[in-house]
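Participant: The structure is given below, and queries will be raised subsequently.
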Amino acid sequence: MAGQEIDHTPRFITFEGGEGVGKSTQVKLLLEKLHNEGVGTVRTREPGGTPRAEAIRSFILSGQPQSWGTGAEAVLFAAARLDHVNELVAPSLEAGKWVLSDRFHDSTRAYQGLNGGVDTKLIDALEILALNGHTPDLTIVLDMDPEKAFERVEKRALEDGIPISADRFEREDLEWHRRLRDAFHDIVKNNEERCVMLSADQSEEELAEEVWALVRGRFPEIESVATG
Ligand code: TYD
């Protein structure tokens with residue numbers, strides 16, 4: 001539109017939530033929608049996203065450092081995040097690309113902090129170190145009753161003929177996953193500007209439409225990013 005300032009700032013959007021809520025699918029669907037609008041986008045995940053962070057991911061999810069305690073796990077996740085931010089997130093944003101991450105720092109606060117007992121001050125300090133100033137512009141927290149989420153994961157695995165193999169965190173009991181859900185609720189309540197909670201207890205398509213409406217509402221410049 002002539003005469004109107006268009007904000008071309010690339011955005012950093014993270015997806016969070018408990019196990020089996022369908023984050024990865026939603027990240028993929030949002031990436032496709034942004035791509036169709038001509039917005040250059042990078043899709044990534046945590047733990048991981050860079051070779052060094054993926055190495056830390058394999059180590060943590062194997063369960064080997066579990067006996068060191070949740071504090072050590074928080075430090076390992078933060079080390080992976082620091083590399084991810086410095087090597088992928090920050091350079092992508094600087095290159096004008098939007099970044100979509102399947103999990104980011106809120107997972108450490110929920111899993112290791114609120115649910116894992118690691119002191120909030122330590123989690124705060126690790127965030128300062130690992131984020132290096134790159135707080136997400138928007139965090140979409142997908143919410144679902146963990147019992148239902150597990151049923152859905154089992155059903156999908158059966159349909160796809162994939163054997164279910166639980167990693168370090170998936171092996172925790174239902175009570176633990178309920179507390180994890182509460183932790184994400186707390187995080188949303190304490191970060192109302194940045195975080196939006198959406199119910200994952202609906203079809204993938206319906207949820208993707210909600211996500212898209214939210215993202216376009218937050219960043220109306222999307223429609224002019226490609227042409228600007
Ligand atoms: P993943 O297979 O990616 O799980 P999901 O599909 O649910 O995202 O495994 C990542 C696991 O690591 C997941 O159980 C959440 C956990 N996690 C933490 O405990 N702390 C963190 O900071 C991050 C990023 C992940």
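The values are calculated or read from the model by the stated rules, or taken from the named source; none is laboratory data. Computed from a prediction, not measured in an experiment: that's the story for all the values here. Note that we place each Cβ from the backbone using ideal geometry, even for glycine, and neighbour counts take in every protein chain shown. We work out accessible area using only protein heavy atoms, side chains counted, and drop any ligands, DNA or RNA first. Shrake-Rupley method; radii C 1.70, N 1.55, O 1.52, S 1.80 Å.
Participant: Which one is most open to solvent (accessible area, probe 1.4 Å) among residues in the stretch 30-79 that are in a strand (DSSP E or B) and within 16 Å of the ligand (Cβ to nearest atom)? Let's see the steps before the verdict.
Facilitator: From the stretch 30-79, those in a strand (DSSP E or B) are 41-45; that's our starting set.
If we keep only those that are within 16 Å of the ligand (Cβ to nearest atom) as well, we get 43-45.
Details: R43: 124, T44: 12, R45: 93 Å².
Taking the candidates together, the pick is R43.
Participant: I've got another one for you. In the stretch 152-176, how many residues are outside any loop (DSSP other than H, G, I, E, B) and either modelled with pLDDT of 90 or more or open to solvent by less than 90 Å² (accessible area, probe 1.4 Å) (or both)?
Facilitator: Qualifying residue count for the region: 6.
Participant: Here's something else I'd like to know. Just give me the residues in the stretch 182-192 being assigned to a helix (DSSP H, G or I), surrounded by 11 or more Cβ atoms within 10 Å (Cβ to Cβ) and not hydrophobic (A, V, I, L, M, F, W, C), in sequence order.
Facilitator: D182, H185, D186
Participant: Could I ask something else about it? Output the residues belonging to the stretch 139-165 that are farther than 30 Å from K189 by Cα and within 12 Å of the ligand (Cβ to nearest atom).
Facilitator: Filtering the stretch 139-165 down to residues farther than 30 Å from K189 by Cα leaves 154-165.
Correct list: S165 only.
Participant: Of all residues being in a loop (DSSP other than H, G, I, E, B) and open to solvent by 50 Å² or more (accessible area, probe 1.4 Å) in the stretch 80-126, which is nearest to L180 (Cα to Cα)? Just the residue, please.
Facilitator: Initially, the stretch 80-126 is screened for residues in a loop (DSSP other than H, G, I, E, B), giving 95-97, 103-104, 115-119.
Now restrict to residues that are open to solvent by 50 Å² or more (accessible area, probe 1.4 Å): 95, 97, 117, 119.
Values: A95: 35, K97: 32, G117: 12, D119: 16 Å.
Selected residue: G117.
Participant: Oh, and also: Let me spell it out: the conditions are (1) in a helix (DSSP H, G or I); (2) open to solvent by less than 70 Å² (accessible area, probe 1.4 Å); (3) not acidic (D, E), and R179 meets all of them except one. Which number is the exception?
Facilitator: All conditions are met except number (2).
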